[in-house]
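The values are calculated or read from the model by the stated rules, or taken from the named source; none is laboratory data. Keep in mind the model is a prediction, meaning the values are calculated, not measured. Methodologically, a virtual Cβ is constructed for each residue, glycine included, from the backbone with ideal geometry; neighbour enumeration extends over all protein chains shown. When the accessible area is computed, the model is the full protein with side chains, heavy atoms only, and any ligands, DNA or RNA have been set aside. Shrake-Rupley method; radii C 1.70, N 1.55, O 1.52, S 1.80 Å.
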Amino acid sequence: MSMLAPGAEAGKAASTDIKIRLRGLNKIFETRKGPFVAIDNLTFDIPKGCFFMIVGPSGCGKTTLLRILAGLDTHTSGSLEITPPVDNRPGNAMIFQGDSLFPWMTVWDNAAYGLAMRGKSKGEISEIVGHYLQRTGLGKFKDYYPHQLSGGMRQRVSIARAFATDPDILLMDEPFSALDEQNKVLLQEELLRIWEETKKTVMFITHSVDEAVTLGDRIMVMTAHPGRDKATIDVPFERPRKVLELRARPEYGEFVYNIWSYLREEVHRARALDEESAS
């Protein structure tokens, strides 16, 4: 297993273009009980085209970090550099854990929303949206409304919409956590297929070590709060990947166990901190 010191570069990735660079990033919230340090001294690079996974216990600052990268929140200190797109494409698109579709819009109109806001022509929208609805298996459901779809299908619409807008960076906050295992595996397969086609830079938050290893090029394990980089590990499995075939390999189980060994202590520490604050 390849493990990097916090903030270090990894092998080939060090020579590639850097899309996201953090140096000593901190986020402090002012509360009635005083300052709360959510993120402490994060330093790392994400190369262009990297599928970067973050795992960590609840409350370690994962979503806060994603919101900072999305421009929805600001950091308190340190530096954040994001290489801008070379064209007029959006800087990022975010896929949330919950349902983020417009309930009054059809599948087609939801998927086309970002393109329409950018003023794309009807011809461009038709070609792009049609492509991603087919890629996500939603072509026959283009006239359906969100309430007519299962949870897994609604998440597929969110994925189609995000890729259709052609963002430079894709930010994903536990998008599959509410799904049953069967739908989760299917959506992981679909996400991998689309990513192989586009090679987007992705930051993906998950509580699942299995999911992190299945999808990622690199995994950062965060500590219980304040959120720090405990370990950054390169995933050694080649691409393209098939979810079930990968998980059947003996070395996969060993690698998952190694990642979990880093995470286990932080999960126990987070629980202890929660119990202490509640007492």
| task | Identify which of GLY24, GLY34, GLY137 has the largest mean-square fluctuation in a Gaussian network model of the chain, with springs joining Cα atoms closer than 10 Å. | result | GLY34
| remark: A student asked for the Cα radius of gyration and Dmax of the range 148-266 in angstrom ought to give 14.7, 43
| said: Viscosity 0.890 mPa s, temperature 25 °C: give me the Stokes-Einstein translational D for the chain in µm²/s, with Rh taken as the Kirkwood radius over C-alpha pairs. | reply: 125 µm²/s
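Considering only DSSP beta bridges where both residues belong to the chain, give the percentage that are antiparallel (nearest 5). Walk me through the numbers on the way to the answer.
Numbers: 23 of 41 bridges.
Bridges in the chain are about 55 percent antiparallel.
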| message | How big is the dipole moment of the range 187-278 about its Cα centre under a simple scheme where the beta carbon of each Lys and Arg is +1, that of each Asp and Glu is -1, and everything else is neutral? Debye, nearest 20, please. | response | 180 debye
| field | Cα centroid of the range 101-171 to Cα centroid of the range 208-229, whole Å | value | 29 Å
| note | So, with points 7 Å from each Cα along the Cβ direction, the GLU265-THR74 label distance in nm works out to 3.6 nm
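Go ahead and estimate [θ] at 222 nm for the chain from helices alone: -39,500 (n - 2.57) per DSSP H run with n ≥ 4, summed, over the residue count, rounded to 500. Could you put the intermediate results ahead of the total?
On the way: 8 runs with 107 residues, N = 279.
When only DSSP H runs of four or more count, the value is -12000 deg cm²/dmol.
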| query | Taking amide hydrogens as modeled 1.01 Å from N in the peptide plane, which residues meet the under 5 Å criterion relative to LYS230, leaving out close sequence neighbours? | reply | VAL221, MET222, THR223
| task | Report, by chain and number, residues whose modeled amide H sits under 5 Å from the one on ILE95, excluding near sequence neighbours (fewer than 5 apart, same chain). | result | LEU171, MET172, ASP173
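With a Förster radius of 35 Å, plug the Cβ-Cβ distance of ALA248 and ASP180 into 1/(1 + (r/R0)^6) and report the FRET value to the nearest 0.05.
On the way: r = 20 Å, r/R0 = 0.58.
With R0 = 35 Å, the Cβ-Cβ based efficiency is 0.95.
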| message | Please report the carbon-and-sulfur percent of the accessible area for the chain; probe 1.4 Å, protein heavy atoms only, DNA, RNA and ligands left out. | response | 52 percent
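Which whole-number value in Å² is the accessible area per residue of the range 167-279, probe 1.4 Å? Please report the intermediate quantities before stating the final value.
Details: 4870 Å² over 113 residues.
Averaged over the residues of the range 167-279, the accessible area is 43 Å².
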| HN-Hα J couplings of the range 111-125 from phi, Karplus 6.51/-1.76/1.60, θ = phi - 60°, integer Hz, Gly and Pro as x? | 5, 8, 4, x, 5, 5, 5, 8, x, 5, 6, 4, x, 5, 4
| Mind listing the phi-derived Karplus ³J(HN,Hα) values for the range 198-203, rounded to whole Hz, using 6.51, -1.76 and 1.60 with θ = phi - 60°, and x for any glycine or proline? | 10, 6, 5, 6, 10, 10
| request: Place a label point 7 angstrom from the Cα of ASP143 along the Cα-to-Cβ direction, then list the residues of the range 75-119 whose backbone nitrogen is under 15 Å away. | output: 106-109
| Gained length - HIS207 relative to SER126, 0.36 nm times residue gap less alpha-carbon distance | 25.6 nm
| task | Return a whole-number percent for the relative contact order of the chain, with Cα pairs under 8 Å and 6 or more residues apart as the contact set. | result | 28 percent
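Over 31 Å between Cα atoms: which of LYS48/LYS242; LYS142/LYS200; LYS19/LYS142; LYS62/LYS142; LYS62/LYS184 fall into that group? Let's see the in-between values first.
On the way: LYS48/LYS242 23 Å; LYS142/LYS200 25 Å; LYS19/LYS142 34 Å; LYS62/LYS142 33 Å; LYS62/LYS184 21 Å.
Over 31 Å apart, Cα to Cα: LYS19/LYS142; LYS62/LYS142.
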| query | Across the range 207-217, in residue order, what do the Karplus-derived ³J(HN,Hα) couplings come to in whole Hz, using 6.51 cos²θ - 1.76 cosθ + 1.60 with θ = phi - 60° and x for Gly and Pro? | reply | 8, 9, 5, 4, 5, 4, 6, 5, 9, x, 8
| Ignoring the sites themselves, what is the longest stretch of the chain with no GluC sites (Glu not before Pro) in a DSSP loop and at most 16 other beta-carbon atoms within 10 Å? | 10-237
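Per Stokes-Einstein, at 37 °C and 0.692 mPa s, what whole-number D in µm² s⁻¹ belongs to the range 46-170, with the Kirkwood radius over Cα pairs as the hydrodynamic radius? Show your work: numbers first, answer last.
On the way: Rh = 16.0 Å.
Approximately 205 µm²/s, per Stokes-Einstein.
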| said: Compute, for the chain, the length of the dipole vector about the Cα centre, with Cβ point charges of +1 (Lys, Arg) and -1 (Asp, Glu) only. Units Debye, rounded to 20. | reply: 420 debye
